[in-house]
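First comes the structure, then the notes that go with it.
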Amino acid sequence: MRQYADVILSIESRSVDRTFTYEVPEELLGKLSPGTPVKVPFGNGGRLITGYVAALRESAPEGITEFRSIDSLSEKEVAAEAGLVALAFWMHRHYGCMLSQALKTVLPVKRKVRRRSRKAAAAEAAAPAEAALPAAGNAAPAAGQEAAPGAHSGARPVTLNEEQRRAAEAFHADQEAGKQGAYFLFGITGSGKTEVYAEMIREILRQGRQAIVLLPEISLTFQTVERLCRLFGDQIAVIHSRLSAGEKYEQYLRARRGEAKIVVGPRSAVFAPLLRLGLIVIDEEHDSAYENDTVPRYDTRDVALRRAEIEGASVVLCSATPSVVSWDRVKKGQYRLLTLTRRAAAGAVPASVEVVDLRKELRAGNRSVFSRRLRELIEDRLQRREQIILFMNRRGYSNFVSCRSCGNAIRCPHCDVTLTLHRDGTLRCHYCGYRIPVPKLCPDCGSPFLAGFGTGTQKLEMITRKMFPEARVVRLDSDTASGKEAGSRILRSFADGEADILLGTQMVVKGHDFPRVTLVGIMAADTELYVSSYSSAERTFQLLTQAAGRAGRGSRPGTVVVQTYRPDHYAVRAAAAQDYGMFIGEESAYREAGGYPPAVHLLSIELSSKDEKLLARAADFYAHLLGQAARPHGALLIGPADAAVYRLQDYFRKMIYVKHSSYDILLCIKNQAEPAFRAAFPREAGVLYDFR
Ligand code: ADP
Ligand code: ZN
Ligand code: ZN
């Protein structure tokens with residue numbers, strides 16, 4: 001009997017972006033399964049390269065009679081699980097990336113570092129290094145060892161309250177009935193979502209299966225990591241960005257051997273090679289950290305759902321501020337909704353929110369960044385020795401520097417943005433990292449009258465120290481959190497009561513649990529609203545609600561002050577009312593009317609080149625091809641148009657959008673248009689696809 005295998009080759013080239021069929025030699029019969037790494041001859045010289053069995057077949061594909069044979073099993077590579085190879089297949093089709101790229105993404109092998117997208121580099125310039133956890137390395141973090149005696153079996157769980165129990169029991173009942181599914185755990189901030197999913201994990205472990213817990217940014221969610229470590233001790237493997245590739249790999253091996261039952265990590269941990277996967281938890285599912293912006297672009301939530309489906313596991317998405325897309329799926333019945341409506345800790349109630357109209361402050365002659373009300377409350381809290389968080393979504397000192405004589409702002413020579421003033425006297429580009437000393441004279445007109453405008457976290461820190469000299473102030477933003485462990489060190493010292501005021505960017509609102517915080521000041525609630533994106537209201541609502549959720553988590557009630565120029569905007573009003581229903585009602589209507597996701601599916605194509613003329617030609621040509629492909633389907637084509645930041649790191653960028661109600665049709669349009677575009681512009685223009 002003959003057997004054949006379809007093999008995915010690990011070569012990154014469009015010309016081999018498909019599987020190849022090989023004959024299985026006698027000595028390998030019965031030894032192969034989907035995912036097995038093999039060596040196969042390829043090309044004219046028959047050079048041996050690595051590939052992965054995608055599928056086995058008993059008969060040869062029609063029309064082909066001659067086959068090369070698989071040479072041998074590949075020793076060096078770790079066998080990929082069938083499930084992960086299947087997942088790579090799905091990513092290849094679903095995101096339109098190359099098979100080999102998908103494979104590299106899912107397989108837990110130490111490989112050369114992938115080339116990063118410019119957007120990723122820019123994001124990192126805006127938010128440099130993620131700080132590391134206290135304990136790196138090859139065992140559970142120190143927190144696990146610090147735990148009470150019996151750390152191995154885990155600390156004693158809290159007694160779940162009625163709501164929490166009901167949520168956990170719904171999951172248990174499904175598990176007992178052998179039903180796997182997708183759940184949405186929707187609970188207000190502080191409602192104890194972590195305890196609920198911890199209970200779900202226990203159920204999975206009782207079945208002898210394994211779990212993955214995804215967190216947006218490990219260093220900023222160290223409290224959750226520590227809590228999980230206390231609960232589950234050394235059954236946990238923590239994957240974080242400070243681990244070397246080898247250390248990560250070691251953690252994956254522990255999980256794969258079954259020594260670790262739970263893998264906790266950022267989005268890439270969705271690919272943890274667990275052999276008995278039972279559950280994937282996605283905590284703070286609304287966080288944009290779940291969108292991978294390197295190639296292949298993927299959405300961790302969708303990948304998790306797909307993987308769970310392939311491997312017969314369940315998924316739980318958790319949030320107090322569900323993303324608009326996820327909520328749409330809840331409404332369509334794709335996720336089973338579990339709801340928590342009350343704060344869990346004894347005596348804790350949701351904070352009360354006060355909105356301050358900054359226009360009125362100005363009219364009253366108050367030009368300070370602190371409204372009178374916020375200032376009064378800060379003084380009160382300092383007196384009572386309670387803690388305060390101030391949230392300002394801009395780092396640096398001044399947002400920009402401009403000339404009082406000619407009015408020009410100083411801009412980045414590589415990007416279409418203004419430079420931000422930093423306290424050390426440098427002007428920096430938050431997109432590309434470019435920095436220069438502040439010039440003495442205006443580069444345009446030579447005037448010496450240059451001034452900084454707007455307030456960033458550095459200036460806020462200075463003003464705060466001046467206004468409240470007795471207060472101990474710490475700042476958390478990507479400038480102070482850039483060193484190893486710096487971020488979690490700042491958060492820890494605040495948790496330990498070593499500071500009265502924690503101020504910073506969105507890093508300060510990331511789901512921390514500080515029971516002594518009774519006041520949160522949102523300095524400028526509308527910063528995000530000025531970003532031109534259909535999701536800016538969603539971002540604003542999430543940030544404000546999450547920020548408000550940091551207040552009043554302990555036994556003392558909390559107050560939130562929202563300072564804004566747009567008190568009437570529905571994102572601000574809904575966040576102030578802590579009313580998700582109100583927000584989603586308005587937002588859904590807006591998306592529906594404007595034709596934005598989830599009302600339609602949207603393919604965004606970003607083209608980039610250093611050559612502006614070539615880019616314009618490429619964009620016009622691609623839009624033409626896409627238009628041809630789109631027409632029979634009635635899909636809407638928009639563009640090409642300049643990207644919001646047209647020039648980024650010397651690359652010019654144009655956008656093309658295609659909208660249709662069917663995802664598959666969008667994919668089909670892209671697949672139809674792409675080859676002709678690639679033939680005309682094989683290298684010169686970079687292309688990034690993003691499907692929503
Ligand atoms: P969320 O993730 O929903 O914002 P957390 O899981 O961080 O909430 O829980 C908020 C706080 O409530 C934590 O300090 C947690 O220890 C506490 N907590 C959770 N569940 C209970 C419970 N059943 N009894 C007492 N305290 C609880
Ligand atoms: Zn000037
Ligand atoms: Zn720049």
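What the table shows:
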quantity	calculated
Net length gained if the chain between V687 and Q628 were fully extended (0.36 nm per residue, minus Cα distance)	19.4 nm
Segment L636-Q180, length gained on full extension (0.36 nm per residue, minus Cα span)	160.4 nm
Spatial separation of Cα centroids for the stretch 642-692 and the stretch 303-337, in angstrom	28 Å
The chain - mean residue ellipticity at 222 nm from DSSP helices (-39,500 (n - 2.57) per run, n ≥ 4, rounded to 500)	-9500 deg cm²/dmol
For the chain, alpha-carbon Rg over 2.2 N^0.38 Å	1.01
Extension gain from F20 to A345, taking 0.36 nm per residue of separation minus the Cα-Cα distance	111.2 nm
Virtual paramagnetic centre 7 Å along Cα→Cβ of S405, amide N under 11 Å, in the stretch 432-446	441-446
Rel. contact order, % - alpha carbon contacts under 8 angstrom, at least six apart, the stretch 398-453	39 percent
Unit charges on C-beta of K, R, D, E only; dipole of the chain, Debye	1240 debye
With every protein chain in place, the chain: carbon and sulfur % of accessible area (1.4 Å)	49 percent
Pairwise label distance in nanometres, A451 with R465, each label 7 Å out on the Cα-Cβ vector	2.4 nm
Residues S493 and S352, FRET efficiency given R0 of 25 Å [Cβ-Cβ distance, rounded to 0.05]	0.35
Relative contact order of the chain, defined on C-alpha pairs under 8 angstrom at six or more residues apart (%)	12 percent
Protection proxy ranking of 498-508, 211-221, 470-480 - average other beta-carbon atoms within 10 Å, highest first	211-221, 498-508, 470-480
Which listed pairs, of K104/K654; K440/K610; K193/K510; K360/K459; K610/K654; K104/K248, have C-alpha distances above 21 Å, in listed order	K104/K654; K440/K610; K360/K459
Amide H contacts under 5 Å for F400, placed H, 5+ residues apart	L421, F453
Label-point gap, in nm, between K440 and S244 - each point 7 angstrom along Cα→Cβ	4.8 nm
At R0 = 60 Å, FRET efficiency that the Cβ-Cβ distance of A676 and A593 yields, to 0.05	0.95
Segments 449-459, 390-400, 37-47 sorted - mean Cβ within 10 Å per residue, highest first	390-400, 449-459, 37-47
Value of Rg to Rh for the stretch 130-340 (Rh from inverse mean 1/r over Cα pairs, i.e. Kirkwood)	0.93
FRET efficiency, 1/(1 + (r/R0)^6) with R0 25 Å, evaluated for S555 and R202 via beta carbons	0.35
Positive-pole candidate from L337, C432, G549, dipole of the chain, charges at beta carbon	C432
Ordering of 402-414, 654-666 by burial proxy (mean other Cβ atoms within 10 Å per residue, highest first)	654-666, 402-414
Per residue accessible area in Å² of the chain, where ligands, DNA and RNA are left out and the probe is 1.4 Å	42 Å²
Binned Cα-Cα distance frequencies in the stretch 4-105 - 5 Å width, integer %	2, 13, 25, 26, 20, 11, 2, 0
Principal axis dimensions, largest first and in whole angstrom, of the stretch 601-691 by Cα	35, 27, 15
The stretch 171-288 - percent relative contact order, Cα under 8 Å, separation 6 or more	34 percent
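The values are calculated or read from the model by the stated rules, or taken from the named source; none is laboratory data. Everything numeric in this text was worked out from a predicted model, so none of it was measured. For neighbour counting, all protein chains shown are included, and Cβ atoms are generated from backbone atoms with ideal geometry for every residue, glycine included. Quick note on the areas: whole protein, heavy atoms, side chains included, nothing else; ligands and nucleic acids left out. Shrake-Rupley method; radii C 1.70, N 1.55, O 1.52, S 1.80 Å.
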